[in-house]
Amino acid sequence: MSAPYGPKQPILYQPVASQGMVVNPKNSLNKPDIEGKGREWSSDLCACTSVGSCCLAWCLPCIIYGSNRERLSYLERNGTPDPDHGGTCNSHCFVYGLITGCLGIGCILQIGNRGHIRSRYGIKGGGCTDCLTSCFCSPCALTQEEAEIELEEKALTQQQGGYYQKA
């Protein structure tokens, strides 16, 4: 049975954003909302989007955690990317390092931050997956969260006509 308007034609190209189009900075890759439950993460859990960040997350996760927290706080307060890119060592980094070094439970801080990031960006999931991911795949989760924040920062900078470069 043929379609009422003739045979279906293949889609040869997808529309892309052009000058003047506004891209949602919290979903700059335009990931679809899945059944009203939220979208997927912009990068896979094991996708090492930046080798430097991956190495840092494995060796000194407190720095990535602190940077993510600081960058996210700055975005929420100012609506623009943090010019210091979260800094290297801050109070969040210190607390995460202390709790991880002394008690080995830094992932508890990470669970809350991951949930906050998921909520901000409309990413599907829940507390259980945040807990499991943060506790058993901590370095990968940190780099995945960092990639999500970085995509928003890049989108905001492009909308403002500036250039974003990671320090």
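The values are calculated or read from the model by the stated rules, or taken from the named source; none is laboratory data. This structure is a prediction, so every number in the text was calculated from the model and none was measured. Here the Cβ is made from the backbone with ideal geometry for all residues, glycine too, and neighbour counts use every protein chain on show. Please note that ligands, DNA and RNA were not included when accessible areas were found on the heavy atoms of the full protein model with its side chains. Shrake-Rupley method; radii C 1.70, N 1.55, O 1.52, S 1.80 Å.
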Problem - Selected residue (criterion: farthest from PHE136 (Cα to Cα)) from residues of the stretch 101-124 that are in a helix (DSSP H, G or I), open to solvent by 20 Å² or more (accessible area, probe 1.4 Å) and aliphatic (A, V, I, L, M) - result: LEU103
Handout entry: Pair list, Cβ < 6 Å and 6+ apart or interchain, from the stretch 34-51 residues that are closer than 21 Å to GLU152 by Cβ and basic (Lys, Arg) to residues that are open to solvent by 90 Å² or more (accessible area, probe 1.4 Å) and in a loop (DSSP other than H, G, I, E, B)
Key = ARG39/ASP33
Completion exercise
Counting only residues in the stretch 96-125 that are aliphatic (A, V, I, L, M) and in contact with a Phe, Trp or Tyr (Cβ under 9 Å, 6 or more places away or on another chain), the one nearest to THR157 (Cα to Cα) is identified as ILE123
Handout entry: Residue tally, condition of a type outside the set (A, V, I, L, M, F, W, C), modelled with pLDDT of 90 or more and within 18 Å of CYS54 (Cα to Cα), over the stretch 65-99
Key = 8
Handout entry: Count of residues meeting criterion [open to solvent by 40 Å² or more (accessible area, probe 1.4 Å) and among the β-branched types (Val, Ile, Thr)] in the stretch 47-78
Key = 2
Exercise for the section: Inspect the stretch 79-99 for any residue being open to solvent by less than 30 Å² (accessible area, probe 1.4 Å), within 25 Å of GLY127 (Cα to Cα) and among the aliphatic types (A, V, I, L, M) and give the result as yes or no. Expected result: no
